[in-house]
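Q: Sharing a structure below in structure tokens format, with a few things to ask.
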């Protein structure tokens, strides 16, 4: 099935005002309702939507009260939507909304949506570096450290679920939706990507007790490590609490910096993720701290020699 990846995450929140402020500071643009609810977009049109938790248009919350209400995946074409509808209709209720979105739940009750992707094609520069032995990517008199750079999220990268039965969820996404396992943490869970995406993962499942079920974090791709560090430093300066990072993961190789958010989940900036084709052989490692990151840094206040 030609699933591209997550287009939109929909939350039912305690405070639209607090979440709106966080998401705007994170770098997403509000294109939703005037009261601050609705969609916040990355540069390619993927994003987050927030509504009051009692909004009747939302699907029911998970029994744990997790604020994520629906994960909406973008697909390539109508044929894929029809395939998904036919496949999931075999054993569960499927609804088709007036805009064509196909809605259902997965095998552990997470609400899903599928629609023709709304991702806009980006034509932006990658981060450019100068490295000894290689031709310079930045020319003479071109500065690499621009403190005034916009540093905006480019696209919704991935979502991570805490789940009480990772094996059951893995089977659903592979057998019913055509995802592929890229790597695996034993004692944790699989990193999964859909057929029409080359990123290392768009979905990661982590085995946890039932009471923890829900979204653990979401991530947005940045231009590169420099923009990630700039965006994260701005979040710290605005008073948001850093949860993990900055650092660089082993599986996926992506740089990361996570922040606590008022949506009851962690929000991650990531950059420079590995891409793969179907020739890749998955790696398997125990879920331990030494396997989770190749290195981990710690933010501190700015400093200068003699200062």
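Here, each number is a calculation from the coordinates, and none is a lab measurement. Because the structure is a prediction, the values reported are computed rather than measured. Every residue, glycine among them, receives a Cβ derived from its backbone with ideal geometry; neighbour counts consider all protein chains shown.
Q: Using mean Cβ contacts within 10 Å as the protection proxy, how do 179-190, 155-166 order, highest first?
A: My ranking of the peptides, most packed first, is 155-166, 179-190.
Q: Turning to a different aspect of this structure: In the Gaussian network model of the chain, springs joining C-alpha atoms below 10 Å, which of 47, 144, 232 carries the largest mean-square fluctuation?
A: Checking each option, the largest mean-square fluctuation is seen for 144.
Q: What shape does the range 148-307 take by its C-alpha gyration tensor, where a ≥ b ≥ c are the square roots of the eigenvalues and a/c under 1.5 counts as rounded, a/b above b/c as prolate, and the rest as oblate?
A: Prolate is the answer for the range 148-307, as a/c is 1.5 or above and a/b outweighs b/c.
Q: Which angle between 0 and 90 degrees, to the nearest 10, do you get for helix 166-175 versus the longest principal axis of the chain when only C-alpha atoms count?
A: It is inclined by approximately 80 degrees.
Q: Could I ask something else about it? Which of 253, 261, 89 moves the most in a Gaussian network model of the chain with Cα springs under 10 Å?
A: Looking only at 253, 261, 89, the biggest GNM fluctuation is shown by 89.
Q: Let me ask something additional. Taking Rg and Dmax of the Cα atoms in Å straight from the coordinates, which label in (i) 20.8, 84; (ii) 17.6, 48; (iii) 19.5, 70 is the correct one?
A: Read-out from the structure maps to (iii).
Q: Also: Rounded to the nearest 0.05, what FRET efficiency do residue 33 and residue 275 give with R0 = 35 Å and r taken as the Cβ-Cβ distance? Could you check?
A: 0.45
Q: From the square roots a ≥ b ≥ c of the eigenvalues of the alpha-carbon gyration tensor of the range 1-150, which class results: rounded (a/c under 1.5), prolate (a/b over b/c), or oblate?
A: Verdict is oblate for the range 1-150.
Q: For residue 195 paired with residue 149, estimate the spin-label separation in nm (one decimal), with each label point 7 Å from Cα along the Cα-to-Cβ line.
A: A separation of 3.7 nm, rounded to one decimal place.
Q: Let me ask something else about it. Taking N as the number of residues in the range 81-175, what is its Cα Rg relative to 2.2 N^0.38 Å?
A: Its radius of gyration relative to the 2.2 N^0.38 Å reference: 1.74.
Q: Would you mind ranking 255, 303, 244 by Cβ crowding within 10 Å, fewest neighbours first?
A: Result, fewest neighbours first: 303, 244, 255.
Q: Report the residue, chosen from 137, 95, 223, that carries the largest GNM mean-square fluctuation when the chain is represented by alpha-carbon nodes joined by springs under 10 Å.
A: Highest fluctuation among the options: 137.
Q: Relative to the longest principal Cα axis of the chain, at what angle does helix 16-26 sit, 0 to 90 degrees, rounded to 10?
A: 50
Q: Hey, what angle do you get for helix 78-88 against the long axis of the chain, alpha-carbon based, 0 to 90 degrees rounded to 10?
A: Compared with the principal axis, the helix lies near 60 degrees.
Q: Could you tell me the extents of the range 217-277's C-alpha atoms along the three principal axes, largest first, rounded to whole Å?
A: Its Cα atoms span 39, 24, 15 Å along the three principal axes.
Q: Shape call for the range 263-307 from the C-alpha gyration tensor, a ≥ b ≥ c root eigenvalues: rounded (a/c under 1.5), prolate (a/b greater than b/c) or oblate?
A: Prolate, since a/c reaches 1.5 and a/b exceeds b/c.
Q: Given an 8 Å cut-off on Cα distances and at least 6 residues of separation, report the relative contact order of the range 137-216 as a percent.
A: The value is 35 percent.
Q: So what's the back-of-envelope 222 nm ellipticity for the chain, counting only DSSP H runs of four-plus at -39500 (n - 2.57) apiece and dividing by all residues, rounded to 500?
A: Calculated mean residue ellipticity at 222 nm is -4500 deg cm²/dmol.
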